[in-house]
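Read the figures in this text as sums done on the coordinates, not as results from a lab. All values reported here derive from a predicted model rather than from experimental measurement. Cβ placement follows ideal geometry from the backbone for every residue including glycine, while neighbour counts extend to all protein chains displayed.
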Amino acid sequence: MDETAESAARRSPTDDRARTRLYRAGRLERENFPVDEVSDHLGQPDAVVWVDLLTPAPDDLARVAEELGLHQLAVADAMDTRQRPKVDRYSTHDFLNVYAVAVDRRSGQIRLSELSAFITEHALVTVRKSDTFDIDAVVARWDESPDLAQHGVGFLLYGLLDHVVDTHFEAVQDLDDGIEELEDLLFGQSPADTEVQRRSFALRKSLVTLRRVVLPMREVLNTLMRRDLQFATAEMLPYFQDVYDHVLRATEWTESLRDLVTTILETQLTLQGNRLNVITKKVTSWAAIIAVPTAITGWYGQNLPYPGFASTSGLITSAALIVGLSSGLYVLFRSKDWL
């Protein structure tokens with residue numbers, strides 16, 4: 001087997017699903033080099049490596065774990081899905097798990113994109129569980145701030161977390177817009193109770209899902225900002241604090257929206273009760289008005305003689321009583337807003 005064939009055999013068949021970057025002394029030097037070369041660069045003190053793996057096979061991740069000396073429990077967590085957002089510390093590295101969020105504006109449903117990361121002193125390895133995580137947006141953030149690249153892994157970690165938290169913020173904004181549309185529907189001229197209930201339930205379900213991934217981010221940022229981890233250096237600390245501030249705002253906004261959805265449901269029930277009271281008053285008022293001609297015609301329909309019996313004057317009298325009393329009741333009910 002020649003050298004080219006041997007190299008091809010050594011590489012994983014999924015190398016096309018891996019991305020790599022090499023920063024040296026704060027400058028981007030190489031991209032998309034083979035994953036097998038990662039350990040060669042890590043031996044150089046001024047080098048920082050980023051490796052991105054998309055839905056890697058167990059053998060592929062095991063190869064990277066061997067290159068970087070990753071803990072087997074962290075590797076197992078990276079292969080599993082639906083891990084909670086967290087930071088786990090190991091002797092040689094830290095393990096991070098986060099979720100990017102997107103909202104379907106039509107249905108109000110949440111779509112989560114899970115990402116795991118191994119953080120070492122000179123390397124950041126990201127493992128995407130699906131291609132819905134927009135890693136290109138993360139790379140674009142790194143490229144927008146080349147002056148921060150000299151801060152190594154802390155710079156890469158900041159760009160990643162900033163993108164993730166921004167997706168949380170955008171999701172909360174989309175859900176807030178959805179709640180405003182729901183309020184317009186609730187207080188419209190022809191409120192659709194079934195549609196309000198359906199959309200309220202969908203928004204509440206989405207907010208519960210969003211809360212599960214947003215709320216733990218406070219603990220994640222607090223851990224990463226610890227001085228003993230040395231990711232948030234003195235120069236990078238303000239940037240991490242800015243991300244932390246966005247996390248707090250997204251968390252508070254999520255909580256307030258949950259309360260708002262609950263208020264909308266309670267308001268809907270109150271409006272339904274009020275509409276039922278109005279309908280009841282109207283039906284009762286019209287029944288009272290209709291009772292007047294019924295009573296009068298019933299009285300004039302008796303067989304005993306009375307003033308105006310079997311004469312034109314009796315018809316005129318009964319018609320006048322019906323019109324007069326019914327009109328009087330109508331004016332009275334209208335003045336009391338019963339009609």
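For this structure, a couple of remarks:
- Each label point was placed 7 Å from the Cα along the Cα-to-Cβ direction; for Phe187 and Glu29 their separation is 6.2 nm.
- Ranking of Trp286, Trp142 by count of other Cβ atoms within 10 Å, fewest first: Trp286, Trp142
- Summing Cβ point charges (Lys, Arg +1; Asp, Glu -1) relative to the Cα centre of the chain gives a dipole of roughly 2640 debye.
- Of Ala78, Ala287, Ala100, the one that fluctuates the most in a GNM where the chain has Cα springs shorter than 10 Å: Ala287
- Estimated from helical segments only, the mean residue ellipticity of the chain at 222 nm is -19500 deg cm²/dmol, where each DSSP H run of four or more residues counts as -39500 (n - 2.57).
- In the chain, Rg over Rh equals 1.40, where Rg is the alpha-carbon radius of gyration and Rh the Kirkwood radius from pairwise Cα distances.
- Spin-label model, Ala287 to Asp147: label points 7 Å out along the Cα-to-beta-carbon direction sit 7.8 nm apart.
- For the chain, the longest principal axis of the Cα atoms and the long axis of helix 312-335 meet at an angle of about 30 degrees.
- Residue of Ile179, Ile296, Ile135 that the Gaussian network model of the chain assigns the largest fluctuation, springs spanning Cα pairs under 10 Å: Ile296
- Using a cutoff of 8 angstrom between alpha carbon atoms and counting only pairs six or more residues apart, the relative contact order for the chain works out to 13 percent.
- Centre separation in Å (Cα based) which lies between the stretch 103-154 and the stretch 259-282: 45
- With the simple spin-label model, which puts each label point 7 Å out from Cα in the Cβ direction, the Ser311 to Thr294 separation comes to 3.1 nm.
- Listed values for the stretch 125-142 are Karplus-derived 3J(HN,Hα) couplings in whole Hz (6.51 cos²θ - 1.76 cosθ + 1.60, θ = phi - 60°), namely 10, 9, 10, 8, 7, 7, 7, 6, 6, 7, 6, 5, 5, 5, 4, 4, 5, 4, and x replaces Gly and Pro.
- Nearby lysines by direct alpha-carbon distance to Lys281 (threshold 19 angstrom, same-chain neighbours under 8 apart not counted): Lys336
- The chain: most fluctuating residue of Pro293, Pro58, Pro34 per GNM, C-alpha cutoff 10 Å: Pro293
- Built amide H within the under 5 Å cut-off of Ala123, gap 5+: Val49
- Cα-based shape type of the stretch 73-154, given that a ≥ b ≥ c are square roots of the gyration tensor eigenvalues and the cut on a/c is 1.5: oblate
- Under 25 Å of direct C-alpha separation, and excluding same-chain neighbours fewer than eight residues apart, Lys129 reaches these lysines: Lys86, Lys205.
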